[in-house]
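Enquirer: Pasting a structure here, questions to come.
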Amino acid sequence: MEKIREGIYHVTIPLKGNPLKSINIYIFSSKGENMIVDTGFHTEEIIEETEKFIKELNLDLSKTRLFLTHLHSDHTGLAHYYDEKDVPIFMGEVDGRLCREMQNEFGWYWQGIGERALKQGLAEDELSIHDHPGFRFRPKVEFRYTPVNPGDKVDVGDFHFTVIDEEGHTPGMVGLYEEEKKILVCGDHILGKITPNITYWGDQFGDSLGVYLKNIEKIKDMPIDLLLSSHRYLIDDVPARIEELKGHHEFRLQQVREIIHREGEANIRTITKNLSWDISAKNWDEFPKSQKFFAAGEAQAHVEHLVALGQATREEDEEGIYIFRLTDLGEEIRKKNENAVPKH
Ligand SMILES: [Zn+2]
């Protein structure tokens, strides 16, 4: 437990066995009102940690609300715990709806993930949604919440937050901006050290990487003294971190152009196998099945961005697998970036 500023507290909750290592929970307290942001996974250990900080801060839960930045289970896992205690919950409308759908094992959300894996050419990897960590840790207990949308106001005593659009990491992630105090609670939008995972959510959500890049650019123009991210350390130089994140994706996009150029045409599986991954597996066969979903999703987010930019085309072969080719524009940009995009 750390007091960051008057009325702002930070608790680091360990996420055992997860590469994210831990989640930062923030608590705002002002004039007898409190707000907790995000929850951690649904585990006994995290319930204990939660009870500990509630006691330590002497939080009156009847004067407390919970704000959920996005649907991922490390952020929403204990929502039902607060709901049982009648703590009002606020969550972005889009992610709230998705989060509900994710509870349905046989609904369109999980079916869509299975179908997508086939379109990505992953049939031979024999993935099952039971290998998908998002499925294993999916929210299983329903909770009541009030949906919020970008532009809505959330007041906690002297803190006057505006909900801001952070679509990208998830289709409906939202942040909280305190304009006067120049504080942004940003969820997984901008993280130190690790790159927020940007995945392909299906055609109905379109070019998620394009939306993400637009939405981090927007943050650069906002005056921010204190950026409160959900994982790892606090970032001092926000514009510099945004440039690093953009550079990371530019490098990734160039890697994808190079792979498609080399192969002539490629499906997502081929592109994913050939990308560099920060993982100890020596090759694709050794990739844990759970990671194959994430890797393919991340690869497709990048390829779909090239398609949206007119640098690649997407067609389906006779088995319904997506095949990507570079356009003349894509080829031109690949050449131009051959030495320009720094390796990292
Ligand atoms: Zn997340």
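Here is a yes/no grid of residues against (1) among the charged types (D, E, K, R); (2) surrounded by fewer than 17 Cβ atoms within 10 Å (Cβ to Cβ); (3) within 16 Å of the ligand (Cβ to nearest atom):
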position	(1), (2), (3)
ASN58	no, yes, no
THR76	no, no, yes
TYR82	no, no, no
GLU101	yes, yes, no
TRP110	no, no, no
PHE135	no, no, yes
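Enquirer: Also, quick follow-up: I'd like to verify a number: residues in the range 21-45 that are buried (at least 19 other Cβ atoms within 10 Å of the Cβ) and either at pLDDT 95 or above or small (Gly, Ala, Ser) (or both), how many?
Expert: 14
Enquirer: Ok, one more. Would you confirm whether any residue within the range 203-220 is within 15 Å of the ligand (Cβ to nearest atom), within 17 Å of GLN300 (Cβ to Cβ) and of a type in the set (Gly, Ala, Ser)?
Expert: Taking every residue of the range 203-220 in turn, at least one turns out to be within 15 Å of the ligand (Cβ to nearest atom), within 17 Å of GLN300 (Cβ to Cβ) and of a type in the set (Gly, Ala, Ser).
Enquirer: Please verify whether ILE183 is hydrophobic (A, V, I, L, M, F, W, C), within 16 Å of the ligand (Cβ to nearest atom) and out of contact with any helix residue (DSSP H, G or I) (no Cβ under 7 Å at 6 or more places or on another chain), treating the condition exactly as stated.
Expert: Considered against the rule, which asks whether it is hydrophobic (A, V, I, L, M, F, W, C), within 16 Å of the ligand (Cβ to nearest atom) and out of contact with any helix residue (DSSP H, G or I) (no Cβ under 7 Å at 6 or more places or on another chain), ILE183 comes out as no.
Enquirer: Of all residues in the range 164-176 being closer than 15 Å to VAL238 by Cβ and open to solvent by less than 20 Å² (accessible area, probe 1.4 Å), which is nearest to the ligand (Cβ to nearest atom)?
Expert: GLU166
Enquirer: Among the residues of the range 1-44, which ones are among the acidic types (Asp, Glu), in a loop (DSSP other than H, G, I, E, B) and more than 21 Å from the chain's Cα centre (by Cα)?
Expert: Within the range 1-44, GLU6 is the sole residue that qualifies.
Enquirer: Take the residues in the range 75-108 that are in a helix (DSSP H, G or I) and in contact with an Asp or Glu (Cβ under 8 Å, 6 or more places away or on another chain), then tell me which one is nearest to SER229 (Cα to Cα). Walk me through how you get there before you give the answer.
Expert: As a first pass, look at the range 75-108 and keep what is in a helix (DSSP H, G or I): 75-76, 79-84, 93-102, 108.
Add one more test, that the residue is in contact with an Asp or Glu (Cβ under 8 Å, 6 or more places away or on another chain), and what stays is 75-76, 80, 94, 100, 108.
Details: HIS75: 12, THR76: 15, HIS80: 23, VAL94: 21, ARG100: 25, TRP108: 31 Å.
Of everything passing the filter in the range 75-108, HIS75 is nearest to SER229 (Cα to Cα).
Enquirer: Scan the range 278-291 and give yes if some residue there is within 17 Å of TYR200 (Cα to Cα) and within 28 Å of the chain's Cα centre (by Cα), otherwise no.
Expert: The answer is yes, given that some residue of the range 278-291 is within 17 Å of TYR200 (Cα to Cα) and within 28 Å of the chain's Cα centre (by Cα).
The values are calculated or read from the model by the stated rules, or taken from the named source; none is laboratory data. Everything numeric here is computed off the predicted structure, so don't read it as measured data. As a convention, Cβ positions derive from the backbone with ideal geometry for all residues, glycine included, and neighbour counts pool all protein chains shown. When the accessible area is computed, the model is the full protein with side chains, heavy atoms only, and any ligands, DNA or RNA have been set aside. Shrake-Rupley method; radii C 1.70, N 1.55, O 1.52, S 1.80 Å.
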